[in-house]
Amino acid sequence: MVHDEVFLIFILGTLIIIAFASSLVLFVVQYKRKQQMYLLETENLQEQYKSQLLQSRLEVQEQSFKYFSEEIHDNIGQLLSMVKMQLYNIKNNSCEPDIVRKATQSNEILGKAINDLRNISHTLNSAFVDHAGLATAIQKDLDYICSAKDLQCNLHTTGEEYSLGNEKELLVFRIVQEAMANAIKHATPTAIDISLHYAPSSFKVEVKDNGTGFDVFDAANAGLGLNNMQVRARLLQGEIWVNSKKDAGTTVTLEIKNVSPGTGTTAQA
């Protein structure tokens, strides 16, 4: 009888210990799960904050671009057009061949300056990119660069074109502009080639130049506008990388995955 009672107490004690251990394990598991959820929510909030901060920064920049664009178009452009009209009147009303010749030459130079200003105004204004579309906007910028810098510029497109959405296309356009500006400013190329690759679920753009190139692992080169491109790539949920070697040119590549053609949205994984 005593033996049975001891055995029963042993069984009950064992069950109590097992129950306590199970409760402790369950508590630890739930605590860890809540901790992970808290950390995940904190990371998401931080990422949202960073994205909103980056978005605000770029919106301020775009507002500045828009202001400069309107100033160029409404004020400087109109003043130059008035000067062009005055030169035209001088040429038509003068009987001196030398004055007519100089007025004609000045008129031609001024006409080119007005056209260049118009191109700059368009590419600064986000409304132009929205209206024209990504490929057309890039081609117009290339045409201006070819004319102004005497470079060989080419745009290649593969796949069936589709819209990424106005906001995304503007970000891509600014990345392309930054890459071209860096090439012209630092690499002195003679040619720039841009490729747009439209795939059913991804989009990729490459900006390639045949300039002097640079060492991508040299920290001194980290400020060559790469930060601005990386900021925009993050907002696009894309990846950007730079391949370059001394005296071997530079290629800047941006890739956006999980794109839904025609909707301008990024599919959720």
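Note on the range 136-269: Lys pairs 8 or more places apart or on different chains, Cα atoms under 16 Å apart, count 9.
What the Cβ-Cβ distance of residue 239 and residue 167 gives, at R0 = 25 Å and to the nearest 0.05, is a FRET efficiency of 0.85. Note on residue 102: lysines with a C-alpha under 22 Å away, same-chain residues under 8 apart excluded, are 84, 91, 112. Stretched out straight at 0.36 nm per residue, the stretch from residue 147 to residue 96 would grow longer than its current Cα-Cα span by 15.1 nm. Computed from the Cα positions only, the extents of the range 136-269 along the three principal axes stand at 40, 33, 20 Å, in decreasing order.
Bear in mind these aren't lab numbers, they're just calculated from the coordinates by the rules spelled out. Quantities reported herein were computed from a predicted structural model and do not represent experimental measurements. A quick note on method: Cβ atoms are made from the backbone with ideal geometry, for glycine too, and the neighbour counts reach across all protein chains shown.
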